[in-house]
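The values are calculated or read from the model by the stated rules, or taken from the named source; none is laboratory data. This is a predicted model, so every value here is computed, not measured. Using ideal geometry, Cβ is built from the backbone for each residue, glycine included, and neighbour counts are taken over all protein chains shown.
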Amino acid sequence: MKDFLIPAIDLKGGKAVRLYKGEEEKVKVYSNNPEEIAKLFEDFGFKRIHVVDLDGAFGNTLKNLEVIKNIRKAFSGVVQVGGGLRELQALKILDEIGIDLFVVGTVAVKSPEVFQEMLDSFPGRIILSVDSKGGKVSVAGWKEGSLYTPEDLAKLYDEKPIWGYLYTVVEKDGTLEGVDVEPYLRFKKFVKKPVLASGGVSSIEDLKKLKGLVEGVIVGKAIYEGKIKLEELE
């Protein structure tokens, strides 16, 4: 499962935290040293981690850049970063410090021309973040809705040089309520590129439900709350 599970480190004010359903005020701090968590994931043999700059998602682009640099130094595998990446310059800065993949969502919906510039500059290195809330794509740190369904975005971008997708069920995120496979089954019918799942994972059983359906699953709270014990993963 270690090649399927992608541990998440969410950053806010330089600390590793988790939110409940993406709500900024419902925050729980897990560590004051996110780079130590990255090193822990390295020691457990994970090959990839998912880092979110929550301050960036809520409007302060790359506010946690120094922490991200430290995480990059602590973890030798693939590091993907998202959260407020709404300008090409932000991707260039992350590229300079050695970040492998960029998770971008809002720009693809609100500024397609900027998103195209990103794709032109970093083909194959952008993960399109599809954040589903009430069946529609949510943007701007999940604070704004849109007219797009997840499938609409797939139709727009699947032929573009994206790496693939990160599909998050917002209503499930940070809840430990378990996963719902239906949204992924539906979405997979429209895409040829890889899909990462996120939202609601609460156990190894949830991982097994998603194995074979998607190419990877992002897990945060279930690890930090001890619902998934890293030492028990194969």
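Data table
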item	result
Flag for Asp152 being at pLDDT below 95 and surrounded by fewer than 19 Cβ atoms within 10 Å (Cβ to Cβ)	yes
Criterion violated by Leu91 - all others in (1) of a type outside the set (Phe, Trp, Tyr); (2) at pLDDT below 95; (3) buried (at least 17 other Cβ atoms within 10 Å of the Cβ) satisfied	(2)
Residues that are of a type in the set (D, E, K, R), closer than 17 Å to Gly56 by Cα and not in a loop (DSSP other than H, G, I, E, B), drawn from the stretch 91-146	Lys92, Asp95, Lys110, Asp131, Glu144
Filtered residue count, the stretch 49-72, keeping only those that are farther than 19 Å from Gly105 by Cβ and among the charged types (D, E, K, R)	3
Output for the stretch 165-207, where each listed residue is of a type in the set (Asp, Glu), without any contact (Cβ under 8 Å) to a residue 40 or more places away in the chain and touching a strand residue (DSSP E or B) at 6+ places or on another chain (Cβ under 7 Å)	Asp180
Residues located in the stretch 6-33, provided they are among the basic types (Lys, Arg) and at pLDDT below 90	Arg18, Lys21, Lys26, Lys28
